[in-house]
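Contents: one structure, followed by commentary.
The values are calculated or read from the model by the stated rules, or taken from the named source; none is laboratory data. Keep in mind that what you see is a predicted model, and the values were worked out from it rather than measured. Neighbour counts are summed over all protein chains in view; Cβ atoms, including those assigned to glycine, are modelled from backbone coordinates with ideal geometry. Just so you know, the surface numbers come from the protein's heavy atoms only, side chains and all, with ligands and any DNA or RNA stripped out. Shrake-Rupley method; radii C 1.70, N 1.55, O 1.52, S 1.80 Å.
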Amino acid sequence: MGLRVLLVEDDAVLADGLLRALQAQDMTVTQVADGLAADRALQESGTEVAVLDIGLPGIDGFEVVRRLRARGAATPVLLLTARDAVEDRVRGLETGADDYLVKPFATAELVARIRALARRHAPPSTSIALAGLSLDRATRRARVAGNPIDLSVREWGVLEYLLQHAGRVVSKQQIIDAILPWGEDVTQNAVEVYVSRLRLKLDGSGVAIRTIRGFGYLLEAAE
């Protein structure tokens, strides 16, 4: 399923053209034509970006945004309007809109702004992975080929740092610095021990921790 967009536009011809253009960009579009319908749609989960005309039947776009923010919802909103007065732009943004596009506009710019809003508001990923190894930083769980593995706090810190820098050589001192605040008592010899343990636990993951003599370690997909 593509990016889920709510399109709110009462001009039937314009709405149809925008609907087709957004769908051609693999977006999943729900289209409504008045403010009350928009307000109801935004009370349901699923909308990732709302594209909202200001001049709407029922309640206007400003009121739709005001109600949305009053509910504590963070859904990004892009306002569309033929009004190019500065006070309208300011009012829209102060009401809680995230962006503003004045008609007429290029469809390519609308698409780019929608995608930019979606990127800015997307929740950060808590997972990092390579081949058959995955780490969920929110739950502090590691999996090899889908199976959980047990890691000590320090093993986790070393592995997380190596995976974040996969494909790059990192020194033992960089690893020690990265696993602070309890890194003061971590020696380079200790790092060697943690890496040795990790190699055993990562068996079957399709990932290898290679020793680059004189430089440090390199985590990469196994050949």
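Within the stretch 117-164, the trypsin sites (Lys or Arg not before Pro) that combine a DSSP coil assignment with at most 13 other C-beta atoms in a 10 angstrom radius are Arg140.
Each listed q (0.16, 0.22, 0.24 Å⁻¹) maps to a log10 I(q)/I(0) for the stretch 127-221, found by the Debye formula over equal Cα scatterers with no solvent: -0.59, -1.15, -1.37.
Overall, the ratio between the Cα radius of gyration of the stretch 84-131 and 2.2 N^0.38 Å, rounded to two decimals, is 1.63.
Using a 1.4 angstrom probe on heavy atoms only, work out the carbon and sulfur share of the accessible area of the stretch 136-223 in %. Of all accessible area on the stretch 136-223, carbon and sulfur atoms account for 48 percent.
Note on exposure: Glu63, Glu9 ranked by accessible area (1.4 Å probe, complete protein assembly) read Glu63, Glu9, with the most exposed listed first. Rg then Dmax, both in Å and based on the Cα atoms of the chain: 25.0, 71.
With Cα atoms as the point set, the stretch 4-121 shows a radius of gyration and Dmax of 12.7, 34 Å. For Arg40, the accessible area of its heavy atoms, probed at 1.4 Å with every protein chain present, is near 140 square angstrom. Scanning the chain for chymotrypsin sites (Phe, Trp or Tyr not before Pro) lying in DSSP loops with no more than 14 further Cβ atoms inside 10 Å, the longest uninterrupted stretch between such sites is 106-214. Solvent-accessible surface (1.4 Å probe) assigned to Arg66 amounts to roughly 120 Å². The residues neighbouring Gly17, those whose beta-carbon lies less than 13 Å from its own, together hold a net charge of -1 under the Lys/Arg +1, Asp/Glu -1 convention. Across the stretch 4-121, the mean sequence separation of Cα contacts (distance under 8 Å, 6 or more residues apart), normalised by length, yields a relative contact order of 24 percent. Accessible surface computed residue by residue for the chain, with neighbouring protein chains in place and a 1.4 Å probe, gives 54 Å² per residue. The 3J(HN,Hα) values that the Karplus relation (6.51, -1.76, 1.60; θ = phi - 60°) gives for the stretch 138-152 are, in residue order, 6, 9, 6, 10, 10, 9, 10, 6, x, 9, x, 10, 8, 10, 6 Hz. Gly and Pro appear as x. Rounded to the nearest 500, the helix-only mean residue ellipticity at 222 nm of the chain stands at -12000 deg cm²/dmol, with each DSSP H run of n ≥ 4 adding -39,500 (n - 2.57). Across the stretch 186-203, rounded Karplus estimates of 3J(HN,Hα) from the backbone phi angles (6.51 cos²θ - 1.76 cosθ + 1.60, θ = phi - 60°) give 9, 9, 5, 5, 5, 4, 4, 5, 5, 5, 4, 5, 5, 4, 5, 6, 8, 4 Hz, Gly and Pro being marked x.
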